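Structure record follows, encoded as structure tokens.
Values quoted throughout were computed directly from the atomic coordinates according to the rules given, and no laboratory measurement underlies them. Values in this document were obtained by computation on a predicted structure and should not be read as measured data. For neighbour counting, all protein chains shown are included, and Cβ atoms are generated from backbone atoms with ideal geometry for every residue, glycine included.
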Amino acid sequence: MSEQLKLIVEQLNKDPFKKNFNLITFDSLEPMQLLQVLNDVLAEVDPKQAIDIREEMPEQTAKRMCSLLGMLKYKPPGNQSDLSSFRQGLVIGSKPAVHPILHWLLQRVPELKKRAYLARFLVKLDVPAEFLADDVISDTYHQYEELVEGFKTNHKECEQLRTSGFSTAEIRRDITAMEEEKGPLIKRVERMKKRVESVSSHQQMLEQARLLRVEKKREEDLAHQKQEQKNQLFQAEQRLQRLQQQLKDMRQAAADSSPDSLMKRLEEEIKINSYMVSEKLPKELEVLRRTVQYLQRVATEPALGHGDLLEMGDKIKEVDSQINQLIEKKMMRSDPRDDKLTLYRQQASIIIRKKEAKAEELQEAREELAAAERQLKHKTDQGRASNGEEVIRGDELKRLVVKLRSKGTVYKKKRQEIAELKAEYGVLQRTEEILKQRHEAVQEKLQSVEAEKGISGYSNTQEELERVSAIKSELDEKKGRTLDDMSEMVGCSCDLYSRATLDTFSVHVYFLCS
């Protein structure tokens, strides 16, 4: 664990994190601070994760991090049964859950950045199968899959080019070779021009050649336009076929909408609902009640040991033997008339099972239809509200407004500070220029006065003397501090030497240092 913490702290102190942690400060981080550090590392892998976790609910933070870690193929330590405890630890920011994630992420940041980048384009959208039945959605999804495959191909080619070993020296050699080839080509063109100029009416021939090139280019454009119109015609025909099929289905539905057919449909629906309410749902409710009672009874009973399990196994074997004996007795006493009814009973049970299965399928289909209608309504409202953009609702919108207001206030304050600093900088810059001009004027005047008095260079000599004097005073001060230090060192041994010897030694030291 100590090696793991050392690696984490070492990597966090490097670029681009620069956290300036040590083992003590990192180990003493609060859970919220530790989660923020983890979020900063994830933001380096995927820039979309760069948020402040204080503005997000803990459950949303854990869900977002778990989805990204799953996309990065991170496997939590432990078994599958420990996933719930791992998620709980991620919610509360516990060290046993966060430290292994940081250790795993910081060891392979470049690889994970590449994986996160590719996942943005390669993780396919999950479109329900019932939506793919629509031709427009199906065509769009196929185009989406083709674009994904194209991205894979282009990315592989890009990686191959990066690892192909092309160097700038080789490119420069190619450019040099092409420039060398350029000279002979220019000479060849000049020779061809001279040969053409010797031919009569060469201007007309050049004009005809130019017109030929223009017509060929126009022919290519027309061929391309023709192909585009063919594609549009094909798409229009497909759309016409879909609309004709929808029209046909609507006409059939309208033809079957007579009062008798509507009554039959309603009667069938009433029968189905009556069966669901009177037979199927009560049975399911009774089964659920029995299950709850059984679970409550199991929960209230004390824990069973090995001896209790053996005893229960013996009881089960005994009950099974009694059941077998009763079945044998019943078979021996069975009436032939009952045997005739067995066939009908079996048929009735089969019909009942089929009926229950169809009822379950109908219930599942209704639930799926209701869920699809709700989702469609939600998507339709969302599209109308934002023209295809994501709609922000509820608490998220409030948090966003508060965040924008706070950032707007900070921005205005910082902008005002920048304006004040710019104004102050301009004033200081102008003051510096004025002082420089005055200093130059004073220096020129001083030099002219020195020249008149016959002491040219006096001011420079004076400045040099002042500088030397300042250096000498610094050296004297250092020398005095050295003497004081040596006197103190000698004073510590005053019990071994007399006062007179100490004074003599100090005098000698002074002369030596001088």
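Pairs Lys124/Lys226; Lys248/Lys377; Lys124/Lys377; Lys18/Lys124; Lys264/Lys358: which exceed 28 Å Cα-Cα?
Beyond 28 Å: Lys124/Lys226; Lys18/Lys124.
Go through Lys48/Lys412; Lys182/Lys217; Lys63/Lys95 and tell me which ones have a Cα-Cα distance over 22 Å in this structure.
Lys48/Lys412; Lys182/Lys217, as the Cα separations exceed 22 Å there.
Summing Lys, Arg as +1 and Asp, Glu as -1, what charge do residues with Cβ under 15 Å from the Cβ of Arg213 carry, Arg213 excluded?
Net local charge, Arg213 excluded: -1.
When you take every Cα atom in the range 1-122, what is the radius of gyration, and what is Dmax, the widest Cα pair distance, in Å?
Reported Rg and Dmax, both Å: 13.7, 42.
Starting from the Cα of Leu326, step 7 Å along the direction of its Cβ; do the same at Glu417; then give the gap between the two resulting points in nm.
It is 8.6 nm.
Can you tell me how much longer the chain between Asn13 and Glu130 gets when fully stretched, taken as 0.36 nm per residue apart minus their C-alpha distance, in nm with one decimal?
Taking Asn13 through Glu130 to full extension adds about 37.0 nm, to one decimal.
Quick check: residue separation of Lys6 and Lys407 times 0.36 nm, minus the Cα distance between them. What number comes out in nm?
Gain in length upon complete extension: 140.7 nm.
Below 21 Å, Cα to Cα, which lysines can Lys445 reach? Residues fewer than 8 away in the same chain don't count.
Within the straight-line cut-off, Lys445 pairs with Lys436, Lys453.
Cβ under 15 Å from Glu145's Cβ, Glu145 left aside: what net charge do those residues give with Lys, Arg +1 and Asp, Glu -1?
Its environment carries a net charge of -2.
Just to confirm a number: summing +1 for Lys and Arg and -1 for Asp and Glu over residues other than Asp308 whose beta-carbon lies under 12 angstrom from that of Asp308, what do you get?
For residues surrounding Asp308, the net value is -2.
When the label point is put 7 Å from the Cα of Glu111 along its Cα-to-beta-carbon vector, which residues of the range 17-44 have a backbone N closer than 20 Å?
Once the point is set 7 Å along Cα→Cβ of Glu111, 41-44 turn out to lie under 20 Å by backbone N, inside the range 17-44.
Given the pairs Lys75/Lys114; Lys14/Lys413; Lys14/Lys156, which are separated by over 23 angstrom at their Cα positions?
Lys14/Lys413; Lys14/Lys156
Tell me the label-point distance for the pair Gln225, Gln447, using the 7 Å Cα-to-Cβ offset, in nm and rounded to one decimal.
Between Gln225 and Gln447, the simple spin-label model gives 7.8 nm.
Going Cα to Cα from Lys73, which aspartates and glutamates come in below 16 Å? Please leave out same-chain ones fewer than 8 positions away.
Once the sequence-local aspartates and glutamates are set aside, what remains near Lys73 is Asp46, Glu111.
For a Förster distance of 56 Å, can you work out the FRET efficiency between the beta-carbons of Arg374 and Glu30, rounded to the nearest 0.05?
Between Arg374 and Glu30 the formula returns 0.85.
For the range 215-256, I need the span (max minus min coordinate) of the C-alpha atoms along each principal axis, in Å, sorted largest to smallest.
Between the extreme Cα coordinates on each principal axis of the range 215-256 lie 60, 8, 5 Å.
Arrange the peptides 101-109, 310-318 so that the one whose residues have, on average, the most other Cβ atoms within 10 Å appears first.
Ranking, from highest mean packing down: 101-109, 310-318.
Report the label-to-label distance for Gln208 and Glu301 in nanometres (one decimal), using points 7 Å from each Cα along the Cα→Cβ vector.
With each label placed 7 Å out from Cα toward Cβ, I get 10.7 nm.
Could you sort the peptides 32-44, 441-453 by per-residue average Cβ neighbour count (10 Å cutoff), highest mean leading?
Peptide ranking by packing, descending: 32-44, 441-453.
From the phi of every residue in the range 180-187, what ³J(HN,Hα) in whole Hz does the Karplus formula 6.51 cos²θ - 1.76 cosθ + 1.60 yield, where θ is phi - 60° and glycine or proline is x?
5, 6, 5, x, x, 5, 5, 4
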